Structure formats: C-alpha cells, structure tokens
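Engineer: Quick one: the structure is below, questions incoming.
The values are calculated or read from the model by the stated rules, or taken from the named source; none is laboratory data. As the structure is a computational prediction, the values presented were derived from the model and not from experiment. Cβ placement follows ideal geometry from the backbone for every residue including glycine, while neighbour counts extend to all protein chains displayed.
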Amino acid sequence: MVLDECFQVSGDLCKIINNISILREQTESQSLSFGRGQQIMDKQNVPVITLDGPSASGKGTIARLVSQALGFHYLDSGALYRLVALAAMKRNTDVSDEHSMVDIARHLNVSFRDSTIWLDGEDVSNEVRAEACGEYASRIAQYPALRVELLGYQRDFRKSPGLVTDGRDMGSVIFPDATLKIYLTASEEERALRRHKQLMEKGINASIADLIQALRARDERDSSRSTSPLQQCEDACLLDTTGLSIDQVVSRVLNMYAEARKA
Ligand code: C5P
C-alpha cells in the first residue's frame with residue numbers, strides 16, 4: 001500500500017524478522033501436526049489478526065508486513081470498496097444508486113497479484129489509491145446491501161495458515177472471533193503529514209490544512225454511518241502509532257499476537 005512511503009523506517013527490521021520467525025515456525029509446525037487429512041483446518045480454527053482504524057493510520061502497511069512476517073494471507077478490505085467505486089466511475093454509473101453498486105460488486109472482475117490490483121484486465125494499482133476513489137469508496141460503503149454483498153467474499157480470505165486484514169469493520173463484523181483485534185490510530189496531524197509526504201513524492205501539491213479536513217470528513221462519515229461504523233470494539237487493543245516507526249509498530253503487533261495465542 002502506498003502508505004509504505006509515508007512512514008519513517010528506523011531500527012533494524014532484520015531483528016524483528018528474526019524474532020517473528022519463531023512464531024512462524026510454531027505456526028508451520030502446528031499446521032503439520034494435524035497430518036495430511038487434517039491440513040485443511042476448519043475456517044474457525046484459522047487464526048485472524050484484524051487491524052481497524054481511521055484513514056491514513058498505517059493499517060495497510062502494518063497489516064501487509066505482519067502477514068509477510070507470519071506467512072499469512074492478507075486482505076485489504078478497503079480496496080474492495082475502492083474497486084467498486086472505481087468501476088462505477090469508469091462506467092459512469094451513478095454512485096448514489098445502491099442497487100447499481102451491489103450489481104457492480106456482484107460481477108466485479110478483480111485479481112490481486114503480489115502488490116498489484118487488476119480490474120477488468122487493467123492494472124489499477126495506482127488509480128485505486130487516488131483520493132477521489134477513497135472519497136467515493138467512503139460514500140458507497142454506507143450502503144447496507146453492498147456491505148452484505150462483500151461479506152462472504154471477505155470471509156473467503158480466511159485460509160490456513162492464517163489471515164491478516166485491515167479495514168473499518170474487520171474485528172466488529174467480518175471476523176468477530178479473530179485471534180487478535182487491533183484498533184490502529186495516530187494523531188490527526190501525523191496522519192495528514194504522512195498523506196502529505198506521500199502526495200509530494202508523487203509530485204502532487206496539497207496543503208496540510210486541506211488534508212486534515214479531508215481525513216476528518218471521511219472519518220466522520222465512516223464513524224457515523226448506521227451500518228458497520230468505524231469503531232474500536234470492546235475486545236480490540238488500542239495501538240497509537242504516533243511517533244513510532246514501521247518496525248516498532250510491526251514488532252508490537254507481533255508481540256501482541258504472541259500474547260494472544262498464549263491466552
Ligand atoms: O482503507 P481505505 O482508505 O482503502 O478504505 C476506503 C473506504 O472504504 C473507507 O473510507 C471506508 O469508507 C470504506 N471501508 C469500509 N469498511 C472496510 C474498509 C473500507 O467501510 N472494512
């Protein structure tokens with residue numbers, strides 16, 4: 001995810017990878033111990049780590065690194081809403097028509113290959129991350145029928161040896177029985193600075209004040225909608241990434257996961 005570029009990378013990531021390799025070995029040996037016939041574990045037994053939180057809090061970056069460290073699958077749920085919005089924009093479909101959005105989602109022709117995203121055979125990895133796309137995604141994400149349509153698709157990502165996922169309702173609605181639920185946040189100013197740095201690197205000018213306003217508006221809409229609002233659910237651990245580097249956050253999540261597995 002583009003937020004990769006926004007974080008300050010400090011410290012020694014190798015050290016973290018070494019620490020987490022122990023966890024990975026444990027997961028692999030646990031899988032093997034089930035024997036061939038039992039290797040396809042019941043979905044409910046597949047561990048899930050959910051990262052929910054406001055826009056630009058770094059969820060995507062952290063979720064992907066944690067998934068790589070553990071050898072788990074990764075689901076970027078926001079990309080699904082963005083893809084429906086992008087498909088609607090490309091087809092000049094009115095995003096205020098809930099029924100049309102459900103129809104687009106039902107017939108969505110997408111594939112996730114490594115870190116690229118394809119829609120109808122076109123590489124849309126950059127387009128899907130555009131601010132306008134996020135804005136439209138947030139509008140259509142309010143439709144209950146669209147959320148229901150995407151529910152099963154998201155749950156299908158739960159496969160052995162495990163899943164790391166990020167979004168707004170991953171812990172509250174999609175995977176309520178997740179092994180570890182994290183609510184990832186950062187101060188409004190830091191999130192806007194990260195977004196600003198990311199845009200500047202792409203040669204796009206934006207004022208911090210405008211970015212703060214845009215983030216605030218999106219978070220307000222995401223938190224106040226009636227269906228699956230952005231919220232820190234009761235059993236989620238709060239992780240404030242303000243002032244932390246990527247490797248520090250990854251390390252904390254991995255430690256939290258190790259603790260959650262013991263419980
Ligand atoms: O996370 P990202 O910024 O890519 O998400 C885009 C929009 O999609 C969010 O602002 C939110 O409205 C919506 N979304 C959602 N539920 C999710 C993930 C994203 O409503 N699980």
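Engineer: Only one of (1) within 16 Å of the chain's Cα centre (by Cα); (2) surrounded by 18 or more Cβ atoms within 10 Å (Cβ to Cβ); (3) among the aromatic types (Phe, Trp, Tyr) is not met by Tyr136, so which one is it?
Structural biologist: Checking Tyr136 against (1) within 16 Å of the chain's Cα centre (by Cα); (2) surrounded by 18 or more Cβ atoms within 10 Å (Cβ to Cβ); (3) among the aromatic types (Phe, Trp, Tyr), the one that fails is (1).
Engineer: Would you check if there is a residue in segment 181-202 being among the β-branched types (Val, Ile, Thr), closer than 30 Å to Leu70 by Cβ and within 11 Å of the ligand (Cβ to nearest atom)?
Structural biologist: Taking every residue of segment 181-202 in turn, none turns out to be among the β-branched types (Val, Ile, Thr), closer than 30 Å to Leu70 by Cβ and within 11 Å of the ligand (Cβ to nearest atom).
Engineer: Still on this model: Of the residues in segment 173-199, how many are modelled with pLDDT under 95 and under 18 Å from Ser77 (Cα atoms)?
Structural biologist: 0
Engineer: Moving on to the next point. In segment 128-156, how many are within 12 Å of the ligand (Cβ to nearest atom) and not in a helix (DSSP H, G or I)?
Structural biologist: 4
Engineer: Have a look at Ser125, Ser228 and point out the one that is assigned by TED's automatic domain parsing to the domain that holds Val84, within 14 Å of the ligand (Cβ to nearest atom) and outside any helix (DSSP H, G or I).
Structural biologist: From the options Ser125, Ser228, the qualifying one is Ser125.
Engineer: Could you look through segment 229-245, keep only residues that are touching a helix residue (DSSP H, G or I) at 6+ places or on another chain (Cβ under 6 Å) and crowded, with 20+ Cβ neighbours inside 10 Å, and pick out the one that is nearest to Leu65 (Cα to Cα)?
Structural biologist: The selected residue is Thr241.
Engineer: Of the numbered conditions (1) among the polar types (S, T, N, Q); (2) outside any loop (DSSP other than H, G, I, E, B); (3) more than 13 Å from the ligand (Cβ to nearest atom), Ser172 fails exactly one; give the number of that condition.
Structural biologist: Every condition holds for Ser172 apart from (3).
Engineer: Is it true that Leu23 is modelled with pLDDT under 75, in contact with a helix residue (DSSP H, G or I) (Cβ under 9 Å, 6 or more places away or on another chain) and either within 26 Å of Ser187 (Cβ to Cβ) or not basic (Lys, Arg) (or both)?
Structural biologist: Taking the combined requirement at face value, the residue satisfies it.
Engineer: Looking only at segment 77-90, filter to residues that are of a type outside the set (Lys, Arg) and under 19 Å from Leu215 (Cα atoms); which one of those is farthest from the chain's Cα centre (by Cα)?
Structural biologist: The residue in question is Ala85.
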